[in-house]
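These notes concern the structure reproduced below.
The values are calculated or read from the model by the stated rules, or taken from the named source; none is laboratory data. Given the structure is predicted, the values throughout are model-derived calculations rather than measurements. Note: ideal-geometry Cβ built from the backbone for every residue, glycine included; neighbour counts use all protein chains shown. Just the protein is used for accessible areas: all its heavy atoms, side chains included, with ligands, DNA and RNA removed. Shrake-Rupley method; radii C 1.70, N 1.55, O 1.52, S 1.80 Å.
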Number of protein chains: 2
Amino acid sequence: MTVRAILDTKGHQIIHVGPDDKLAVAVKLLSERKIGAVMVMTDQHMDGILSERDIVRVVGERGASALDEKVEAVMTRKVISCKPSDTVAAIMEKMTSGKFRHLPVMDGDKMVGLISIGDVVKWRLREFEHEQEALRDYIATA
Amino acid sequence: MTVRAILDTKGHQIIHVGPDDKLAVAVKLLSERKIGAVMVMTDQHMDGILSERDIVRVVGERGASALDEKVEAVMTRKVISCKPSDTVAAIMEKMTSGKFRHLPVMDGDKMVGLISIGDVVKWRLREFEHEQEALRDYIATA
């Protein structure tokens, strides 16, 4: 099972802000959409990613005034991404070892979606369950 | 595999704030400890739980002034908990269906730990892998 299968079900929508937007704008967007991260983009180019954790960290360090800062001052610039052809198992390991919860999906230079650790967990568990059923059937009928 | 097994490895530490603490205090604590949620407690009594998502939501709705509010105005009061004897599989379902990422562990009236969806995923995957290995061995040697 691949990242492509998740996106085909979940959709390819990418919620984003601009690097010059204030942090408060991004916070409002996360809050309204009930999501954990937004992409930071200039036209089609990915500048970074901004998560709930980034926001809590910077507000914890600098206080409420951090909300007036630009998104680009707070976002994570070095974004790890995955490909549509990557397996769910591979990106789950990537996420747990890197301790991040969101991975943009890149098809060459083009971003085609964003998947969360919640998506990955759901699919990986489904995959395991299918394999186990197959193994149990095999044993039962052998 | 049970919740007790996770806690025996992870430890029983419970990071908490008081209901009268300002939100800014809780944000600082989450930021410093790099954690996603804290318990809200008065002495040994659990008043609620406060997560990154709660904070981002209230700051998104009310702006930076929300950081001056008391924790009890923002926390989630109705906390779902689990028992040390619960299976990892059962609490994983609880978390995914309820869409929360943290579960306090109650032994009768006493809170004995807090586990995150990250903990659960790690253990559940390990469990599946062990079962699959056992099934594969069975097939290989049958």
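The residues of segment A:33-142 present an accessible area of 52 Å² per residue when probed at 1.4 Å with all protein chains retained.
Quotient of the Cα radius of gyration of segment B:3-141 and 2.2 N^0.38 Å, N being its number of residues: 1.22.
Using the Karplus relation 6.51 cos²θ - 1.76 cosθ + 1.60 with θ = phi - 60°, the per-residue 3J(HN,Hα) values for segment A:112-124 come to 10, x, 9, 10, 9, 4, x, 4, 5, 4, 4, 6, 5 Hz, with x marking Gly and Pro. For B:Arg33, B:Arg126, the ranking by accessible surface with the largest value first comes to B:Arg33, B:Arg126, using a 1.4 Å probe. Legend: mean number of C-beta atoms from other chains within 10 angstrom of residue C-beta atoms, peptide B:58-68, equals 5. Helix B:23-33 and the long axis of chain B differ in direction by around 40°, with both axes built from C-alpha atoms. Over the Cα atoms of the protein assembly as shown, the radius of gyration divided by the Kirkwood radius equals 1.01; this is the Rg/Rh ratio.
Contact order, relative form, for chain A: 25 percent (alpha carbon pairs under 8 Å, 6 or more residues apart, mean separation divided by residue count). Pairs over the 20 Å Cα-Cα cut-off, from the set A:Lys99/A:Lys122; A:Lys78/B:Lys28; A:Lys28/A:Lys99: A:Lys78/B:Lys28; A:Lys28/A:Lys99.
Using a Gaussian network for chain B with springs between C-alpha atoms less than 10 Å apart, which of these wobbles most: B:Ile91, B:Ile49, B:Ile35? Greatest mean-square fluctuation among the candidates belongs to B:Ile35. With both labels modelled 7 Å from their Cα along Cα-to-Cβ, the A:Glu32 to B:His12 distance reads 4.7 nm.
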